[in-house]
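Chemist: One structure follows; several queries about it will come next.
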């Protein structure tokens, strides 16, 4: 009897570490995928949840909502070379990868946030959005899987597998990547002197603009990257308010059907917006766009004895008028 008891006790003690390991094993372990195309390395770091008898798409993962595309920490995409991902330019760098599963096809989101938990998605940091093809798998896939496969010397495919669904995203090395927000300028003659605006032109890239990429009731740089610069070769009236000859930075505060244009005395290249350097604030009127305005555009259009200054993006334009300041000094 004592021998039998001792054997049972030894068996329990031996089994206990294994049982403890099974209990503490992560339900969604971290994993990665990597592929090399030309000299560029493309990798994805993600967590791998399992079905465990659950309904996944349309159940655990709702339709038409942003999903972390895995579990736990946000899924990260890193590329050491410029890519066309799903036909959309993605510069070299590290990003987070999100998706919106839909019965009729998925939306893939590349976001500039990194090092975050998978519940902290913020669409204001979206780099690009694009649609991807979804197809059925031959058999159920128990554990969520990301695969990166090479399809040519400078091309590959990103695949997401889970349950009965596979999402397919082609990509390729892009040595001629289009700037995401190219520099541009526009200028006219007003009162015999030059009036010009230099700015960057961001694209929609599938994103919601107003109230999202451009928050309402907040100061916006009115473009992208470096500050937008206004050069006035003579004293002007902008929306009826005096702006002396000089070089300024432009900001705006969109607010639904109206917008406030801020002419700031801050020198181009200085730090962020400083309200203490405001020269004037000018109301602008909203006008509907005839079609979609993309990329962001600033226009200077002669109108009577003045110039219509307007900027537009997506579904709208905001406008005001500049005229020579002929008041007696």
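Chemist: At pLDDT below 95, in contact with a strand residue (DSSP E or B) (Cβ under 8 Å, 6 or more places away or on another chain) and either surrounded by 15 or more Cβ atoms within 10 Å (Cβ to Cβ) or at positive phi (or both): does that describe residue 90?
Modeler: yes
Chemist: Inside segment 168-188, can you point out the residues that are surrounded by 15 or more Cβ atoms within 10 Å (Cβ to Cβ) and either in contact with a helix residue (DSSP H, G or I) (Cβ under 8 Å, 6 or more places away or on another chain) or farther than 15 Å from residue 87 by Cα (or both)?
Modeler: 181, 184, 186, 188
Chemist: Among the residues that make up segment 217-226, is at least one of them within 17 Å of residue 298 (Cβ to Cβ) and in a strand (DSSP E or B)?
Modeler: yes
Chemist: Next question. Report yes if residue 294 is surrounded by 15 or more Cβ atoms within 10 Å (Cβ to Cβ) and under 25 Å from the mean Cα position of the chain (by Cα), otherwise no.
Modeler: Against the criterion (surrounded by 15 or more Cβ atoms within 10 Å (Cβ to Cβ) and under 25 Å from the mean Cα position of the chain (by Cα)), residue 294 qualifies.
Chemist: On to the next question. Among the residues of segment 236-266, write down those that are in contact with a helix residue (DSSP H, G or I) (Cβ under 9 Å, 6 or more places away or on another chain), over 14 Å from residue 309 (Cα atoms) and part of a strand (DSSP E or B).
Modeler: Within segment 236-266, 249, 264 qualify.
The values are calculated or read from the model by the stated rules, or taken from the named source; none is laboratory data. In this text the structure is predicted, and so the values were computed from the model without any measurement. Positions of Cβ are generated from backbone atoms using ideal geometry, with glycine treated the same way; all protein chains shown enter the neighbour counts.
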